[in-house]
Amino acid sequence: MRLGLALRELHRSETSLAAFLYEVSDRHRVEHEVHHVARDLAGWSRAHVRDLAEAGERYGLSLRGTAPESSGLLAPVRRKVSELTGRRAETGLLLLADLRRLHRRTAGVSLDWELLAQGAQAIKDHELLELAQRCHPQTLRQLKWSNSMLKTLSPQVLVSG
């Protein structure tokens, strides 16, 4: 059954999304909304990773139940650079680029949840379908947040300077 492949791919993409959310949070520490909301959204992805690992056991998969809790060894460097550069025009462009990447990654995760839900429905795995129905709306909220931030910040960043 190929549903295991979908589970594994979704687990990988949620893990990657959590790590990237922490990176964005650290890199834009002076943008308080980005810093705090990105960390909260990373927590949702971390919970999804844990739930997917548990679901994967029923399909013979051995998936790691934890995702990164920070952006790694470079986290202190990213935070310090953010503090030193503040709100310069160049950091606004970097923020837009990060939000674009975040939006695309989140869209990929959303698509993976959709595919998993379709597969679970096809084989009548109600437990897996319930997992997708519980987690996918949070991914859609992550997507909505990144889109909203892009719409809010792009005019000021692109027109200023």
Query - So Gly92, is it among the small types (Gly, Ala, Ser) and either surrounded by fewer than 14 Cβ atoms within 10 Å (Cβ to Cβ) or modelled with pLDDT of 95 or more (or both) - result: no
Report task. With respect to Trp44, determine if the residue is of a type in the set (Phe, Trp, Tyr), in contact with a His (Cβ under 8 Å, 6 or more places away or on another chain) and touching a residue at least 60 places away in the same chain (Cβ under 8 Å). Result -> no
**Report entry** Selected residue [at pLDDT 90 or above, surrounded by fewer than 19 Cβ atoms within 10 Å (Cβ to Cβ) and more than 19 Å from the chain's Cα centre (by Cα)] from Gln156, Gln138, Gln133, Gln121
**Finding:** Gln121
Query raised in the report: Of the residues in the stretch 42-78, how many are among the hydrophobic types (A, V, I, L, M, F, W, C), open to solvent by 70 Å² or more (accessible area, probe 1.4 Å) and outside any loop (DSSP other than H, G, I, E, B)?
Result: 2
Report task. Report whether or not Thr85 is surrounded by fewer than 19 Cβ atoms within 10 Å (Cβ to Cβ) and hydroxyl-bearing (Ser, Thr, Tyr). Result -> yes
Report summary line: Apart from one, (1) modelled with pLDDT under 95; (2) more than 26 Å from Lys124 (Cβ to Cβ); (3) surrounded by fewer than 23 Cβ atoms within 10 Å (Cβ to Cβ) all hold for Arg27; the odd one out is (3)
Query - Residues of the stretch 20-32 satisfying the condition of being in contact (Cβ under 8 Å) with a residue 24 or more places away in the chain, in a helix (DSSP H, G or I) and not polar (S, T, N, Q) - result: Phe20, Leu21, Tyr22, Glu23, Val24, Asp26, Arg27
Report task. Scan the stretch 5-19 for residues that are open to solvent by 10 Å² or more (accessible area, probe 1.4 Å) and in contact (Cβ under 8 Å) with a residue 12 or more places away in the chain and jot them down. Result -> Ala6, Arg8, Glu9, His11, Ser13, Thr15, Ser16, Ala19
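The values are calculated or read from the model by the stated rules, or taken from the named source; none is laboratory data. Bear in mind that the values here come from a model prediction, so they are computed numbers and not experimental data. Backbone-built Cβ (ideal geometry, glycine too); neighbour counts: all protein chains shown. What goes into the accessible areas is simple: the full protein's heavy atoms, side chains included, and nothing from ligands, DNA or RNA. Shrake-Rupley method; radii C 1.70, N 1.55, O 1.52, S 1.80 Å.
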